[in-house]
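Colleague: Have a look at this one before I ask anything.
Please treat every number below as a calculation from the coordinates, not as lab data. Note that the structure is a prediction, hence the values are computed from the model and not measured. Ideal geometry is used to build each Cβ from the backbone, glycine not excepted, and the neighbour counts take in all protein chains shown.
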Amino acid sequence: MRSATSSNFLYRIVRFERLVQLLKTDEWHFAHPSTWEDPYEIRTVNPLSSSLFAQCWCRKGVSDAMWRIYSSDKLGVRIRTTATSLNEALTLATLRRKLGHRMNKVSYVTERQYAERIAVINASLAKRVTFARASQHLFLKRVAFEHEAETRVVVFDLDQPLESTVKFVKVQLPTRDLIDSVLVDPRAPDEYVEMYQDYLARTLHFAGKVEKSSLYRSSGLRES
């Protein structure tokens, strides 16, 4: 992975089993917005809606809220990549299959601003439906979610029929080139951390750094 500034890093908290699956298969899952809890994600419906799938990343390397939300069993892991590497990998993936993709930071707005922006998006879609316009609302969220500091990757799967009900698509991406480090939940027992480290290094031959988050240590160690 190329060197990167801290502003280019992206983070995602997943179950350890999911990380193992990524390293074994290189199959990255992108979800249809209808699978998410926030109903605003599907407020805009257009002819391309069934072909849009997305993945959410956080720009904050250290976040108590994100650990508590996405690692409820206290055994999750945070994987790290860069926006540059992820964008390059997706660009190469589009050469192998009929895919389009967009990556951008999510904007957090008030309810009124959201309604105004959605009205503009719908008006533009009424004139012409394009991937850029059809996916524009997915980079817009209410201020209640701003703790996520989200960068979102949206994939447009050209092979999906217009009335498709598919909820997930898999995209082959080079996991070992993308993930450069793994951070274990700061609440995880040390025995689990050691097990994760051993399995990733010895069995899966993962060369990146694997360590426990220092979020709840009093030593003041900085992590990224």
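Colleague: Just want to confirm a number: the relative contact order over the chain, from Cα pairs under 8 angstrom separated by 6+ residues, in percent.
Modeller: Worked out over the chain, it gives 32 percent.
Colleague: What residues qualify as long-range amide H neighbours of residue 140, i.e. H under 5 Å apart, gap of 5 or more or another chain, H built at 1.01 Å from N?
Modeller: Amide H to amide H, under 5 Å and 5 or more residues apart or across chains, residue 140 pairs with 107.
Colleague: Next up: Could you go through segment 126-132 in sequence order and give the Karplus-derived ³J(HN,Hα) for each residue, using 6.51 cos²θ - 1.76 cosθ + 1.60 with θ = phi - 60°, rounded to whole Hz, and x for Gly and Pro?
Modeller: Each residue of segment 126-132 in turn: 5, 7, 7, 9, 10, 4, 4 Hz.
Colleague: For segment 6-212, what is the charge dipole size about the Cα centre, in debye to the nearest 20, if Lys and Arg each add +1 at the Cβ and Asp and Glu each add -1 at the Cβ?
Modeller: The calculated dipole for segment 6-212 is roughly 640 debye.
Colleague: Okay, moving on. Calculate how steeply helix 83-96 sits against the longest principal axis of the alpha-carbon atoms of the chain, using the helix alpha-carbon long axis, and give the answer as 0 to 90 degrees to the nearest 10.
Modeller: It works out to around 60 degrees.
Colleague: Here is a follow-up. Considering only the other residues whose Cβ falls under 10 Å of the Cβ of residue 152, what net charge follows from Lys and Arg at +1 and Asp and Glu at -1?
Modeller: Its environment carries a net charge of +1.
Colleague: To continue, here is another question. What ³J(HN,Hα) values, in whole Hz, does the Karplus curve 6.51 cos²θ - 1.76 cosθ + 1.60 give for segment 15-26 when θ = phi - 60°, with x put for Gly and Pro?
Modeller: 5, 4, 4, 5, 4, 4, 4, 4, 5, 7, 10, 6
Colleague: Around residue 212, which amide H atoms from residues at least 5 apart in sequence, or from another chain, sit under 5 Å from its own amide H, with H modelled in the peptide plane?
Modeller: Under 5 Å from the amide H of residue 212: 184.
Colleague: Give me the net charge for the shell around residue 116: Cβ to Cβ below 15 angstrom, other residues only, Lys and Arg +1, Asp and Glu -1.
Modeller: Counting the neighbours of residue 116, the net charge comes to +4.
Colleague: On to the next question. With a cut-off of 12 Å, note down the residues of segment 188-206 whose backbone N falls inside the zone around a label point 7 Å from the Cα of residue 216 toward its beta carbon.
Modeller: 188-190
Colleague: Gain in length, residue 190 to residue 176, computed as 0.36 nm per residue apart minus the alpha-carbon separation, to one decimal in nm?
Modeller: Full extension of this stretch gives 2.6 nm more.
Colleague: In cubic angstrom, how much convex hull volume per residue do the alpha carbon atoms of segment 103-224 span?
Modeller: Taking only Cα atoms, segment 103-224 has a hull volume of 178 Å³ per residue.
Colleague: Another question, if that's okay. Principal axes first, then extents: for the Cα atoms of the chain, list largest minus smallest coordinate on each axis, whole Å, largest first.
Modeller: Projected onto the principal axes, the Cα atoms of the chain cover 57, 40, 31 Å.
Colleague: As a footprinting exposure proxy, order 127, 24 by other Cβ within 10 Å, with the fewest listed first.
Modeller: So the residues, fewest neighbours to most, are 127, 24.
Colleague: Taking the Cα centre of the chain as the origin and placing charges on Cβ (Lys, Arg +1; Asp, Glu -1), which of 147, 25, 91 is farthest toward the positive end of the dipole?
Modeller: Value computed over the given set: 91.
Colleague: Using the Cα gyration tensor of segment 52-152, with a ≥ b ≥ c the square roots of its eigenvalues, what is the shape: rounded (a/c below 1.5), prolate (a/b larger than b/c) or oblate (neither)?
Modeller: The shape class here is oblate.
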